[in-house]
């Protein structure tokens, strides 16, 4: 697919809007359907499209495996970190109201951060799975 | 009425795709049709007003799973192995169909006991659901109940799910990418450095 101009141009045009839509799904989860799991998958789809069209090497140059491994863990740490911060604020674990002291802002901030953690982990895990599967034969031949 | 007709059409489509998946022996066609199966299921979820579930099914089932299966397909031969004639295929088919009919019959029998769709007195709607629906908006100031249940009421569950995704990713990486790492040093670390070294060696030999 690398040398087909239609795929290359289409992938270049689609890459940014897919990520934008993923971010919309990510941060609009409080008000409509969506959330970290779906957004993570959508954002990963943009990177997978890039990898499919421009080749796995280009995809790995864009997001290196080492960085991706860290990002996987960072997502879980964001989620757990919100719980720990709410502990330090005097509330229970994952009690978002304790984050700011008021229900309105606390719940909003807590849920957005938690969903962000989910999204970050899901994105990087999906990308890692794709790179691992697609790259296995290439690396072992 | 239209809703029921749409449901029936989509269910028929599901059965049709399932039969097609069984009939074809080509792995590529099977994977693509499984994506179509997921997309049809997502349409059914939309018709049942479960938009969040439909969204997830469309993104994960029809989107990413298909791509991951296609990527994993490169390990496998493209076509199904032809069944060898020596096996008694008839008795095998007989046993398989008996198991299918019995298991399917049990599922249908169990489904008869389920409350009707949308029944307000169903156990699922009697426990905590009314509290979530009525109070979560005023209590937590978040309009989407699905999100409040997922992230706030059931925050521990979702933390667990995230850790499951993380662990699954780690597991696959250990199985697949770990193998490449042990192989890398003796094969060719990176082409750039190895060629550079080769040139340096040649230069030294001269």
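The values are calculated or read from the model by the stated rules, or taken from the named source; none is laboratory data. Since the structure is predicted, the reported quantities are computational estimates derived from the model, not experimental observations. FYI the Cβ positions are ideal-geometry reconstructions off the backbone, even for glycines, and counts take in every protein chain you see.
Given the criteria more than 7 Å from every other protein chain (Cβ to nearest Cβ), crowded, with 21+ Cβ neighbours inside 10 Å, in a helix (DSSP H, G or I) and modelled with pLDDT of 90 or more, does residue A:127 qualify?
Yes.
Taking the criterion of being within 14 Å of residue A:126 (Cβ to Cβ), part of a helix (DSSP H, G or I) and touching a residue at least 12 places away in the same chain (Cβ under 8 Å), would at least one residue in the stretch A:1-12 satisfy it?
no
Given the condition at pLDDT 90 or above, more than 30 Å from residue B:142 (Cα to Cα) and in contact with a helix residue (DSSP H, G or I) (Cβ under 6 Å, 6 or more places away or on another chain), answer yes or no: does some residue in the stretch A:107-120 qualify?
no
Kindly provide the set of residues from the stretch A:83-100 that are assigned to a helix (DSSP H, G or I) and facing chain B (nearest Cβ under 9 Å), ordered by number.
Those that are assigned to a helix (DSSP H, G or I) and facing chain B (nearest Cβ under 9 Å): A:83, A:97.
Within the stretch B:45-73, restricting attention to residues that are free of Cβ contacts under 8 Å to residues at least 24 places away in the same chain and over 20 Å from residue A:125 (Cβ atoms), which residue is nearest to the other protein chains (Cβ to nearest Cβ)?
Only one residue tops the list, namely B:51.
Condition first: in a loop (DSSP other than H, G, I, E, B) and either more than 28 Å from the chain's Cα centre (by Cα) or not assigned by TED's automatic domain parsing to the domain that holds residue B:25 (or both). Can you find one or more residues in the stretch B:124-138 that meet it?
yes
Since residue A:48 meets every condition but one in (1) under 22 Å from residue B:158 (Cβ atoms); (2) surrounded by 19 or more Cβ atoms within 10 Å (Cβ to Cβ); (3) modelled with pLDDT of 90 or more, which condition does it not meet?
(1)
Residues in the stretch B:19-38 that are over 15 Å from residue B:69 (Cα atoms) and surrounded by 14 or more Cβ atoms within 10 Å (Cβ to Cβ): how many?
Final tally of qualifying residues: 2.
Filter the stretch A:29-50 down to the residues that are assigned to a helix (DSSP H, G or I) and more than 14 Å from residue A:122 (Cα to Cα) and list them by number.
A:49, A:50
Mind checking which pairs have a first residue in the stretch A:45-57 that is without any contact (Cβ under 8 Å) to a residue 60 or more places away in the chain and a second that is outside any helix (DSSP H, G or I), Cβ under 6 Å, 6 or more apart or different chains?
Close Cβ pairs (under 6 Å, with a partner that is outside any helix (DSSP H, G or I)) amount to A:53/A:1; A:55/A:2.
Does the stretch A:51-63 include one or more residues that are facing another protein chain (nearest Cβ under 7 Å) and surrounded by fewer than 24 Cβ atoms within 10 Å (Cβ to Cβ)?
For the stretch A:51-63, residues facing another protein chain (nearest Cβ under 7 Å) and surrounded by fewer than 24 Cβ atoms within 10 Å (Cβ to Cβ): absent.
Would you point out which residue out of B:107, B:150 is within 30 Å of residue A:77 (Cβ to Cβ) and either assigned to a helix (DSSP H, G or I) or free of Cβ contacts under 8 Å to residues at least 60 places away in the same chain (or both)?
B:150
Quick check on residue A:103: is it surrounded by fewer than 19 Cβ atoms within 10 Å (Cβ to Cβ) and facing another protein chain (nearest Cβ under 7 Å)?
Here the answer is yes, as residue A:103 does meet what is asked.
Does the stretch A:35-63 hold any residues that are more than 19 Å from residue A:16 (Cβ to Cβ) and touching a helix residue (DSSP H, G or I) at 6+ places or on another chain (Cβ under 6 Å), and which are they?
Selection gives A:35, A:36, A:37, A:56.
Identify the single condition in (1) more than 11 Å from chain B (Cβ to nearest Cβ); (2) surrounded by fewer than 17 Cβ atoms within 10 Å (Cβ to Cβ); (3) in contact with a helix residue (DSSP H, G or I) (Cβ under 8 Å, 6 or more places away or on another chain) that residue A:6 does not satisfy, given that it satisfies every other one.
Checking residue A:6 against (1) more than 11 Å from chain B (Cβ to nearest Cβ); (2) surrounded by fewer than 17 Cβ atoms within 10 Å (Cβ to Cβ); (3) in contact with a helix residue (DSSP H, G or I) (Cβ under 8 Å, 6 or more places away or on another chain), the one that fails is (3).
Report whether or not residue A:110 is without any contact (Cβ under 8 Å) to a residue 60 or more places away in the chain and over 30 Å from residue B:68 (Cα atoms). Spell out the reasoning first.
Details: without any contact (Cβ under 8 Å) to a residue 60 or more places away in the chain: yes; over 30 Å from residue B:68 (Cα atoms): yes.
When the stated conditions are applied, residue A:110 passes them.
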